[in-house]
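Undergrad: Below are the structure tokens for one structure; questions will follow.
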Amino acid sequence: MAPRTRAESFLPLTPPMLHTLVALADGDKHGYAILKEIARRTDESVRLSAGTLYALIRRAEADGLIIESDERPDISLDDERRRYYRLTPLGRKVAAAEIDRLEAIVEMAREKKLVPRPRSV
Amino acid sequence: MSPARRPSFAERVFHALVRLFPFDFRADHGRDLEQTLRAQHSEARRAGSMRALTRLWLDVARDVFTTAPREHLAVVKQDVGYALRSLRRAPVFAISAVLTLAIGIGAMTGMVAVLNTVMFRPLAVDRPDQLISISNQNGMNAYVSYKDLQDYRAETAVLSDAIGYVPRVATVSVNGSTERITFELVTDNYFSMLGVQPALGRLIRPNEGRAAREAPVVVLSYDYWLSRFGGDPSIVGRSVRLGGQPFTVIGVSSRSFRGTESLLRVSAYVPAWMIETFMSWASQQGTFEDRSLRTFSMLGRLRPGVSLEQARAALVVRASLLARDYPETHKDVRLRVIPETQARPNPQLGAVVRVAATVLAGLAALLVLITSANVANLLMARAVSRSREVALRAALGARRGRLARQFLTEGLTLALLGSVVAIPFVMLAMTALRNFVSNTTSAVAFDADFSLDVRVLTTMLAIAISAGVVAGLAPALAACRADLGARLKSGARETEHRTGGRMRSALVVVQVALSLTLLVSGGLFIRSLDRARHIDLGFEPEGMLVATTAPALQGYDFEKRLAFYRAGRERIAGIPGVEHAAWIQFPPLGIIGEAAAVTPEPRPSDPDWRAPMASEADISPEYFETARVRLVEGRFFDERDRAGSTPVVIINQTLAGRFWPGQSPIGRALIADGDRVEVVGVVQNGKYQNVAESPLGAIFRPVEQTSPVSASIAIRSSRSSVDLAREVRQVLALADPEVAVYDVRPMTEHLDNGNAFFPFRVAAFLTGLFGSMGALLASIGLYGMIAYHVSQRIREIGVRMALGARAGDIMRDVLARGGRFAVIGIALGIVLAAGVARLLEGLLVGVSPFDPLTYTAVAGLLVAICLIASLVPARRATTVDPLVALRAE
């Protein structure tokens, strides 16, 4: 199987996958940190289970959306020498493409007045 | 965290849970996953709420038990995809491996289907597991009398109910067309005990047919109703002629119900009470009163919660009470109480059939092992030529465990493909076997349904998985041990790893040993068949033709039957070229025969004396001349022996010696089946029920005095049997067009299809087939091995030839290598075969399980096969051009 390189070919992403990619957007993180970040940012409404997360990381790694980061934080900060993951340029493109896709849907729903436009932008 | 700290309970559970994930997953993320779980756990504990902890545990459990299987499946999918792609790239290899496995798996599945039918498939009735067969294990008659049946049925503490049934054959006439069917006379509780519902109309009612002159009724089987009456619902209430009498159809049994005999096709059921009203058989008069008339096959239903042993104990006590109350008739009764599944095809034969079927399935399992070893060898040969690819994958990060798993997946994929390929062939073979079994006789409707049901297919899957694992295991182990780095470094040349080489050699040796075992088993059965054919049967079957007729099927009475027998014999004796012709009730060694308890007069005074069973046949006076049976003393029957004159009997030497040792039995009397008969002659001994029997007493009574319900005409003639058979049918039709004539065939064919040789023929055929397949596969394995060996040593051979080695030396070396495997395999095989042969002992006739001739012949055959298999690559080795071989480097 030739690796997929076009961002669109990965769409749509599952919500856990999108959350994971977004969580990595501002810096390398290890698995537990990704879980915490997603829970925190969604007010605990999205809670990934650990097994699910690592299965997802595995798939994202195989697809080239993330890679294991070889830059480690300070040894003192490095928690039990966990593996850290980094968003690849492809991963970044895929996440952006998914968000564009979602935005287009939201826009369509607004035009049809399914949801109100936000008062202040 | 200090390293010495003992892991907490939660940590140990997390560790165990992580182990549920596939190897690669664990290797990549196992530690992180564990750490994350631990972190989540301590967080929840810090929160201090029981709810948070519970939620975490539930969440973890759900997560692991859904994610881990999914990850495994993903790996399997990936492996299977890879296996399929790599097989597609090597179609010749793939096809030969799949076909090889299909042979083994198919053969074994076929045997499993047979085992299923004769031992496992439950009857299509309510709670079949509760059914037990109750029979008499002493003497030749395994059945029970009606009165005894009712007494056993009264053991209500252990049995909730019990039924009796008697299979019979009769002609059915509907709208002028006539055919013979097998039907059963059944006790009135038959359907209710079995829990069978009518598909149409109603079934038999309690006491139905008991009153004198009650109109005869019949229940049709669903299949018969469908095939003969096209499933016409207006059949209920209509009349059909069964055995010449009008019967009213009262209903059709349910679609799934196929009777209580796994090997018979029963087309109709008649209340047993009508046994007397519709067939004027003199001998059936006392069916419901006479305890010596053991007529019924019996099945009981265990009361819920009662074990087989408890039921057996209670019934045996009842049997001993019967023996006390009726010493005359019940002294020899020894009750056999076994599950219904162990009483197929009947309680007497059940044990032998089970042993034979199990042995054959065991031999088929050896064939599966050979095919798996063969495919393992193919896989390893491929692994060597793929070693660089494997090494490359390893270098790219595939772990050894993963590579081993890949080989196992390839083995499994091949085996599963093999079983898919095998299924249609097995189905064809089972249909052929079913026809083969039904064609052995038309006296009864044999019908063994060997179809592949869920049970067989599940077993087939298990066989395929085992075969796949065996095939993939050796290459997988070799892959685990292989020094992958060395392979990459070795450059262009693909070298066989030493472990792999040894394992391949071992596989070839195992194949040779296993195929020797199969061939020895086949050889023993073939020798056994040959011995059986040379056993003195006490008559001369060559040059004899038999044809069976059944005038009673038309409802003929005593006189009408005799009239037919006389007219028929007279016409046949008049056919040009017929030397002798005579009636015999049942030709010897057939599937059906009769036996009677016989007592000399006066009865021996010993209180423990029991009446022995003797084979019984009614004959017309010319029989012994026709069959060339020697008269030892007295006379044959003649025109003096008629209905109304003194009842007479001719006995064989065994019975004479037993009753009147050292004296002449002529003029003495004996009681047979309740009749007092006078001995007028003694004839030489013969075989009556099967060729392996120990000398058995036999009595012959004149047809003129007994008028049997059916009889076969035995004809001696030097004419070709095909011509004669046609003429025999014609003249019998002239004698009486109404009487059914069937199984017209040479006596030798009757013996081949009957108890005489049929079992030996089947065993010899199947084991011979398995053995030849095994030997063929082993020779292919050896060939592949030697050919590969030669191709690996082209350079070395080239150097040796350049240094002056002669072609003969090279050839000798290569042959010696093949010979070494053959010798080791044969030596191992002889030990294994001797062990297997011990199990066969009870199934062999006149040949020792260690018969030296068989072992020598088979070993010689395998040596020859191995030599031929090595010869081709050996010849190729001698044609190596040193220059070409060296330049290639």
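Undergrad: Might you let me know whether region B:90-104 holds any residue that is within 14 Å of chain A (Cβ to nearest Cβ), open to solvent by 70 Å² or more (accessible area, probe 1.4 Å) and part of a helix (DSSP H, G or I)?
TA: There is no residue in region B:90-104 that is within 14 Å of chain A (Cβ to nearest Cβ), open to solvent by 70 Å² or more (accessible area, probe 1.4 Å) and part of a helix (DSSP H, G or I).
Undergrad: Still on this model: Taking helices (runs of 4 or more DSSP H) that do not extend beyond region B:702-820, which have at least 3 residues that are closer than 30 Å to B:Arg569 by Cα and without any contact (Cβ under 8 Å) to a residue 24 or more places away in the chain?
TA: Values: elements: B:703-706, B:721-735, B:747-753, B:758-792, B:794-802.
Where helices (runs of 4 or more DSSP H) fall fully within region B:702-820 and carry at least 3 residues being closer than 30 Å to B:Arg569 by Cα and without any contact (Cβ under 8 Å) to a residue 24 or more places away in the chain, they are B:721-735.
Undergrad: Being out of contact with any Ser or Thr (no Cβ under 8 Å at 6 or more places or on another chain), within 11 Å of chain A (Cβ to nearest Cβ) and either of a type in the set (Asp, Glu) or not in a helix (DSSP H, G or I) (or both), is that true of even one residue in region B:46-65?
TA: No - not one qualifying residue is present in region B:46-65.
Undergrad: Out of region B:134-168, which residues are among the small types (Gly, Ala, Ser) and in a loop (DSSP other than H, G, I, E, B)?
TA: B:Gly139, B:Ala142, B:Ser145, B:Ala154, B:Ala157
Undergrad: Going residue by residue through region B:629-638, is there one that turns out to be touching an Asp or Glu at 6+ places or on another chain (Cβ under 6 Å) and either open to solvent by less than 10 Å² (accessible area, probe 1.4 Å) or not in a strand (DSSP E or B) (or both)?
TA: No, that holds for no residue.
Undergrad: Name every residue in region B:648-663 that is open to solvent by 50 Å² or more (accessible area, probe 1.4 Å) and modelled with pLDDT of 95 or more, in order of residue number.
TA: If the condition is that a residue be open to solvent by 50 Å² or more (accessible area, probe 1.4 Å) and modelled with pLDDT of 95 or more, then B:Gln653 is the only one that fits.
Rundown of residues vs (1) out of contact with any helix residue (DSSP H, G or I) (no Cβ under 6 Å at 6 or more places or on another chain); (2) open to solvent by less than 30 Å² (accessible area, probe 1.4 Å); (3) among the acidic types (Asp, Glu), yes/no style:
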| residue | (1), (2), (3) |
| --- | --- |
| B:Arg31 | yes, no, no |
| B:Leu53 | no, no, no |
| B:Arg70 | yes, no, no |
| B:Asp79 | no, yes, yes |
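Undergrad: B:Phe23 is checked against (1) over 23 Å from A:Ala60 (Cβ atoms); (2) more than 12 Å from every other protein chain (Cβ to nearest Cβ) and fails just one. What number does that condition carry?
TA: Of the numbered conditions (1) over 23 Å from A:Ala60 (Cβ atoms); (2) more than 12 Å from every other protein chain (Cβ to nearest Cβ), the odd one out for B:Phe23 is (1).
Undergrad: Looking at the structure I just gave you, is B:Phe586 at pLDDT 90 or above and closer than 28 Å to B:Lys331 by Cα?
TA: So B:Phe586 passes the test.
Undergrad: Looking for whichever is touching a residue at least 24 places away in the same chain (Cβ under 8 Å), within 14 Å of chain A (Cβ to nearest Cβ) and crowded, with 16+ Cβ neighbours inside 10 Å here; the options are B:Leu17, B:Leu84. Which one fits?
TA: Details: B:Leu84 fails: crowded, with 16+ Cβ neighbours inside 10 Å.
Answer to the check: B:Leu17.
Undergrad: A follow-up question, please. Give the number of residues within region B:626-677 that are more than 18 Å from B:Pro702 (Cβ to Cβ) and of a type in the set (D, E, K, R).
TA: Total satisfying the criteria: 3.
Undergrad: Among the numbered criteria (1) open to solvent by 20 Å² or more (accessible area, probe 1.4 Å); (2) in contact with a strand residue (DSSP E or B) (Cβ under 9 Å, 6 or more places away or on another chain), which single criterion is violated by B:Leu732?
TA: With respect to (1) open to solvent by 20 Å² or more (accessible area, probe 1.4 Å); (2) in contact with a strand residue (DSSP E or B) (Cβ under 9 Å, 6 or more places away or on another chain), B:Leu732 is out only on (1).
Undergrad: How many residues are under 33 Å from the mean Cα position of the chain (by Cα) and among the hydroxyl-bearing types (Ser, Thr, Tyr) when one looks only at region B:165-177? Break it down stepwise before answering.
TA: Restricting attention to region B:165-177, the residues satisfying the condition of being under 33 Å from the mean Cα position of the chain (by Cα) are B:165-172.
Now drop any that are not among the hydroxyl-bearing types (Ser, Thr, Tyr), which leaves B:165, B:171.
Selection size over region B:165-177: 2.
Undergrad: Return only the number of the condition from (1) touching a Gly at 6+ places or on another chain (Cβ under 9 Å); (2) open to solvent by 40 Å² or more (accessible area, probe 1.4 Å) that B:Gly590 does not satisfy.
TA: (2)
Undergrad: Is it the case, given these coordinates, that B:Leu335 is of a type outside the set (Lys, Arg) and either crowded, with 17+ Cβ neighbours inside 10 Å or within 26 Å of B:Thr706 (Cβ to Cβ) (or both)? Break it down stepwise before answering.
TA: Numbers: of a type outside the set (Lys, Arg): yes; either crowded, with 17+ Cβ neighbours inside 10 Å or within 26 Å of B:Thr706 (Cβ to Cβ) (or both): yes.
The answer is yes for B:Leu335.
Undergrad: Taking region B:664-677, which residues are closer than 22 Å to B:Leu293 by Cα and either open to solvent by less than 60 Å² (accessible area, probe 1.4 Å) or in a loop (DSSP other than H, G, I, E, B) (or both)?
TA: Of everything in region B:664-677, those that are closer than 22 Å to B:Leu293 by Cα and either open to solvent by less than 60 Å² (accessible area, probe 1.4 Å) or in a loop (DSSP other than H, G, I, E, B) (or both) turn out to be B:Ala669, B:Leu670, B:Ile671, B:Ala672, B:Asp673, B:Gly674, B:Val677.
Undergrad: Do the conditions hold for B:Ser419, that is, is it buried (at least 19 other Cβ atoms within 10 Å of the Cβ), modelled with pLDDT of 70 or more, touching a helix residue (DSSP H, G or I) at 6+ places or on another chain (Cβ under 7 Å) and farther than 30 Å from B:Ala740 by Cα?
TA: Here the answer is yes, as B:Ser419 does meet what is asked.
Undergrad: Of the numbered conditions (1) within 19 Å of B:Ala44 (Cβ to Cβ); (2) modelled with pLDDT under 90; (3) over 13 Å from the mean Cα position of the chain (by Cα), A:Leu48 fails exactly one; give the number of that condition.
TA: Status for A:Leu48: all satisfied but (3).
Undergrad: Considering only residues that are over 30 Å from B:Ala869 (Cα atoms) and open to solvent by 60 Å² or more (accessible area, probe 1.4 Å), which ones fall in region B:756-776?
TA: Across region B:756-776, the qualifying residues are B:Pro759, B:Arg761.
Undergrad: Please tell me if B:Leu194 is of a type in the set (A, V, I, L, M), open to solvent by 60 Å² or more (accessible area, probe 1.4 Å), at pLDDT 90 or above and out of contact with any Lys or Arg (no Cβ under 8 Å at 6 or more places or on another chain).
TA: no
Undergrad: Let me ask another. Going by the conditions given, is B:Arg70 charged (D, E, K, R) and at pLDDT 90 or above?
TA: The answer is yes for B:Arg70.
Quick grid of which residues meet (1) part of a strand (DSSP E or B); (2) touching a strand residue (DSSP E or B) at 6+ places or on another chain (Cβ under 7 Å); (3) without any contact (Cβ under 8 Å) to a residue 60 or more places away in the chain; (4) crowded, with 21+ Cβ neighbours inside 10 Å:
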| position | (1), (2), (3), (4) |
| --- | --- |
| B:Ser297 | yes, yes, no, yes |
| B:Pro304 | no, no, no, no |
| B:Leu315 | no, yes, no, yes |
| B:Arg318 | no, no, no, no |
| B:Arg324 | no, no, yes, no |
| B:Gln348 | no, no, no, no |
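Undergrad: Here's another thing I want to ask about it. What residue, of B:Ala550, B:Ala486, is at pLDDT below 85 and open to solvent by 10 Å² or more (accessible area, probe 1.4 Å)?
TA: Of B:Ala550, B:Ala486, the one residue that is at pLDDT below 85 and open to solvent by 10 Å² or more (accessible area, probe 1.4 Å) is B:Ala486.
Undergrad: Provide a single number: the residues in region B:427-459 that are part of a helix (DSSP H, G or I), open to solvent by 10 Å² or more (accessible area, probe 1.4 Å) and of a type in the set (A, V, I, L, M, F, W, C). Walk me through how you get there before you give the answer.
TA: Within region B:427-459, the subset part of a helix (DSSP H, G or I) is B:427-439, B:454-459.
Now drop any that are not open to solvent by 10 Å² or more (accessible area, probe 1.4 Å), which leaves B:427-439, B:454-455, B:457-459.
From what's left, of a type in the set (A, V, I, L, M, F, W, C): B:427-430, B:432-433, B:436-437, B:454, B:457.
The qualifying residues number 10.
Undergrad: Out of the residues in region B:799-815 that are of a type in the set (Gly, Ala, Ser) and under 55 Å from the mean Cα position of the chain (by Cα), state the one that is surrounded by the most Cβ atoms within 10 Å (Cβ to Cβ).
TA: Within region B:799-815, the first condition is being of a type in the set (Gly, Ala, Ser), and the residues that meet it are B:802, B:804-805, B:807-808.
Of the ones still in play, those that are also under 55 Å from the mean Cα position of the chain (by Cα) are B:807-808.
Numbers: B:Ala807: 14, B:Gly808: 9.
Checking each candidate, the answer is B:Ala807.
Undergrad: Residues in region A:28-45 that are in a loop (DSSP other than H, G, I, E, B) and either within 13 Å of chain B (Cβ to nearest Cβ) or without any contact (Cβ under 8 Å) to a residue 24 or more places away in the chain (or both): how many?
TA: Step one: list which residues in region A:28-45 are in a loop (DSSP other than H, G, I, E, B), which gives A:28, A:42-45.
Subsequent filtering for residues that are either within 13 Å of chain B (Cβ to nearest Cβ) or without any contact (Cβ under 8 Å) to a residue 24 or more places away in the chain (or both) retains A:42-45.
Number of matching residues: 4.
Undergrad: Another question, if that's okay. Within the set of pairs 6 or more residues apart or between chains, which connect a residue that is part of a loop (DSSP other than H, G, I, E, B) inside region B:837-852 to a residue that is open to solvent by 60 Å² or more (accessible area, probe 1.4 Å) with Cβ atoms less than 7 Å apart?
TA: B:Val845/B:Arg531; B:Val845/B:Ala692; B:Gly846/B:Arg531; B:Val847/B:Arg531; B:Pro849/B:Arg838; B:Pro849/B:Glu841
The values are calculated or read from the model by the stated rules, or taken from the named source; none is laboratory data. Quick caveat: nothing in here was measured; it's all calculated off a predicted structure. Virtual Cβ from ideal backbone geometry, glycine too; neighbours counted across all protein chains shown. Side chains included, ligands, DNA and RNA excluded: accessible areas come from the protein's heavy atoms. Shrake-Rupley method; radii C 1.70, N 1.55, O 1.52, S 1.80 Å.
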